[in-house]
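Where a number appears in this text, it was derived from the coordinates with a stated rule and is not lab data. These figures come from a predicted structure and were not determined experimentally. Quick reminder, even Gly has a Cβ in these numbers, built from the backbone with ideal geometry, and neighbours come from all protein chains shown.
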Amino acid sequence: GQQLNQSPQSMFIQEGEDVSMNCTSSSIFNTWLWYKQDPGEGPVLLIALYKAGELTSNGRLTAQFGITRKDSFLNISASIPSDVGIYFCAGRLYGGSQGNLIFGKGTKLSVKP
Amino acid sequence: DSGVTQTPKHLITATGQRVTLRCSPRSGDLSVYWYQQSLDQGLQFLIQYYNGEERAKGNILERFSAQQFPDLHSELNLSSLELGDSALYFCASSAERGRREGETQYFGPGTRLLVL
């Protein structure tokens, strides 16, 4: 089936550092979503992107919908300990089943105080 | 709080048994999605219902079934359970079709199923 390549798989950073992660695919997407999941909890929507080239911020988080529509990135600035968790990208294929999301395998973020 | 509720939060059962997981979508949302999350598999889409009708099917086993009721809550039924069915099961909901913003999915807290 279709796949999203999410990288890096994990990150260990110092508090205060900036973080960048991305998702790529060989297919075209019409929606990109970024979620954060804490252990034992459900994914929480961080940012939703609907147009190629769109750049959207949510506090210290910034995400962009790649101009080719095949990729997206998420940046976190000035990381803090509560940023720890697993970040998932999810996309809806252009022309795909309505509502059917494809998820990346996640980026596990660890922040050292 | 996403507004999506799931019960029970934890479920422990034995192989061969049958269980039912319940999901209530956000107020006004018509679509419900079910996902399975195992340690080594990430989030796997199982099935989607829209306003009571099945809309899309993913990697759902024949031993699993779901339905959405007139009040829009949904149930996922897992039968003849195997050890490998142990996982987190998430429900998500979205508002409407036809608008990308309306199709954004919001997840519930999940049900952790352990099959012994």
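Points worth noting:
- Distance (nanometres) between label positions extended 7 Å along Cα→Cβ at B:Leu114 and A:Ser82: 3.0 nm
- Net charge in the neighbourhood of A:Ala78 (other residues with Cβ under 10 Å of its Cβ; Lys, Arg +1, Asp, Glu -1) is -3.
- Based on C-alpha pairs under 8 angstrom that are at least 6 apart in sequence, chain A has a relative contact order of 37 percent.
- Cβ-derived FRET efficiency at R0 30 Å, B:Lys9 paired with A:Ser20, nearest 0.05: 0.30
- Region B:3-48 - percent relative contact order, Cα under 8 Å, separation 6 or more: 31 percent
- Peptide-level mean, for A:46-52, of C-beta atoms on other protein chains within 10 Å: 2
- Alpha-carbon centroid distance for the pair region A:1-54 / region B:58-96, whole angstrom: 25 Å
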